[in-house]
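Here, each number is a calculation from the coordinates, and none is a lab measurement. Keep in mind that what you see is a predicted model, and the values were worked out from it rather than measured. Ideal geometry is used to build each Cβ from the backbone, glycine not excepted, and the neighbour counts take in all protein chains shown.
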Amino acid sequence: MKTRIPLGMAAVMGLALLLVGCGKGEHVENAPRGGHKEQAGEAGHEGHAGEAGHEGEEEGGDHVALSPEAAAEAKLEIGSPGPGKIEISLELPGEVIADPDQVAHITPKAAGTAREVKAVLGSRVKAGEVLAVIESPELGEAKIGYLEALRARDLASFDHDRQSTVSGNTKTMLGVLAKEPSPEAAREETAGLAIGEDKGRLLTAYSNHRLAKRNRDREEDLFRRKINSEAELLTARNAFDAAAAEYASVRESVEFAHVARLLDAQRALRAAEANLQNRERRLHLLGVAESEVEGLGKEPDDRIAWYSLRSPIEGIVVEKHCVLGESVDTSTRVFVVTDLSRVQVRFQVPPADLPRVRPGQKVRVRVDGLDASGEGRVDYLSPVAEERTRMAEGRVFLPNPDGKWRPGLFGAVRIVLEEAEAKAALPAEAVFRHEGREVVFVEEEERKYEPRPVRIGRRDPATVEVLEGVKPGDKVVVKNGFVLKAELGKEAGGHDH
């Protein structure tokens, strides 16, 4: 309210002030009393009004009343102070990075030329998926060597199988002859056994041996009956001994020969298989997958030198340094694939805080400006301080199934050092700043709310400890109180106006 002073009175007051400035007190004493009282009265009124307004504010004189429609739209939630836990924490800046253990730098195994480029920047690939196809003369020679070794192995395997069959048949035939059947029966029993030219030698020697034995037995019988001479008997015996020796020699030769040939075939097969394995290992070193090795013989001749460059992990192509027709070598980082299903957040711990931080502590991470928050635990705290900053690096892993944590983002890392018990706690969003004080809105009557000053103790981003101002049982607005704060601001603005 503005007080208007009459023009004449203003002149008198000005003269009085001038006289006071000149040191003539009588002019102050003779000053009009009415004017002095009026000013005093007005000043006193203004001072009293100010005190009354301040006192009313301390007592919660400001209120916000909502209409039924506004109350329904505001969707206020009411709660009451009660026991709770306050997280005592340390907040540090952090940076989101890709997990180094889930990053693949893909380089060619053999120098060559890019003939096909399938992957594009930002595409998601699976483990084993083809990213590019490279033509390499070195690989072509390796494939040809493998195919030659494959054919040699197949021949050695065939020879080994044949020698195994011959060896088995030879053992069977020797077993038949050991029973000393007649030559005719022996030929009949071994008719289906294939052992090569040794079969004829063995049967001939066996037949001669059996014939010589029969002649010797006949001559001995005739000699006992004195029908033949001793010379004829000796001749028959000598013939038998010679035939027996020949049969034994042939039998022994055949027996040792089939064993030796089988051993030679086994050694040749092992050597061929070893050579083939070495050739295959060479292909793997040059980037040829197992599935591709199996189909080498079916490749067109003009693609014998081509091989596929594959991703070793599932992830996203974050770097691509290859175009069609470009020459690449074993030092070229053609692609970088990163699995972002889990990321790492790095932070630096100052020396003063190092005694309070340890692996295993709960960590909450948020990125301002993004709807991104996560929780993990301190996975690692470096035992060595960084030389330049004298800080120790820590890290926490966060799951990232939807990809919201992008490497390169900066955020806040809040390490929970301990959890303290609070006798009276409220959600942090229930507390507002009003006229330089912290207040909560208390429902005094239906749809009528008082901004009540409170004294806050410990706090964390979600919960505050209330020391004074409200008590258990008070109906405190714990959600959407910003609606009341806005209404309170409107009323204050209208009063000032």
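For E446 and R377, the FRET efficiency from 1/(1 + (r/R0)^6), where r spans their Cβ atoms and R0 equals 56 Å, is about 0.75. Sequence-distant contacts, meaning Cα pairs under 8 Å at least 6 residues apart, place the relative contact order of the stretch 153-279 at 39 percent. At full extension, S331 and E129 could sit 70.6 nm farther apart than now, given 0.36 nm per residue minus the alpha carbon distance. Provide the FRET efficiency to the nearest 0.05 for the A104-D221 pair, computing r from the beta carbons and using R0 = 60 Å. After rounding to 0.05, the efficiency reads 0.05.
Among 393-400, 232-239, the peptide with the highest mean count of other Cβ atoms within 10 Å heads the list, and the full ranking is 393-400, 232-239. Both the radius of gyration and Dmax for the stretch 153-279 are 20.6, 78 Å, in that order, over alpha-carbon atoms. If the segment from E290 to E184 were pulled out straight at 0.36 nm per residue, it would be longer than the present Cα-Cα gap by 32.5 nm. When each of the peptides 303-314, 63-74, 251-262 is scored by how many other beta carbons lie within 10 Å of its residues on average, the order from highest to lowest is 303-314, 251-262, 63-74. Placing a label point 7 Å from the Cα of R214 along the Cα-to-Cβ line, no residue of the stretch 162-179 has its backbone N under 14 Å from it. Note the angle between two axes, namely the Cα long axis of helix 137-178 and the longest principal axis of the Cα atoms of the chain, as a number of degrees from 0 to 90, rounded to the nearest 10. Around 40 degrees separate the two axes.
Report summary: the helix-based calculation at 222 nm, which adds -39500 (n - 2.57) for every DSSP H run with n ≥ 4 and divides by the residues of the chain, gives -14000 deg cm²/dmol. Counting only residues at least eight positions apart within a chain, or on another chain, the lysines with an alpha carbon under 19 Å from that of K471 are K85, K423, K448, K479.
Would you mind checking the tilt of helix 482-496 against the longest principal axis of the Cα atoms of the chain, expressed as 0 to 90 degrees and rounded to 10? Helix 482-496 and the main axis of the chain meet at about 30 degrees. Remark: spin-label model distance L467-Q277 equals 7.7 nm, labels positioned 7 Å along the Cα→Cβ axis. Multiplying the residue separation of E255 and E435 by 0.36 nm and removing their Cα-Cα distance gives an extension gain of 53.5 nm. Rounding to the nearest 10 and keeping the result within 0 to 90°, find how far the Cα-based axis of helix 7-21 lies from the longest principal axis of the chain. Roughly 90 degrees, rounded to the nearest 10.
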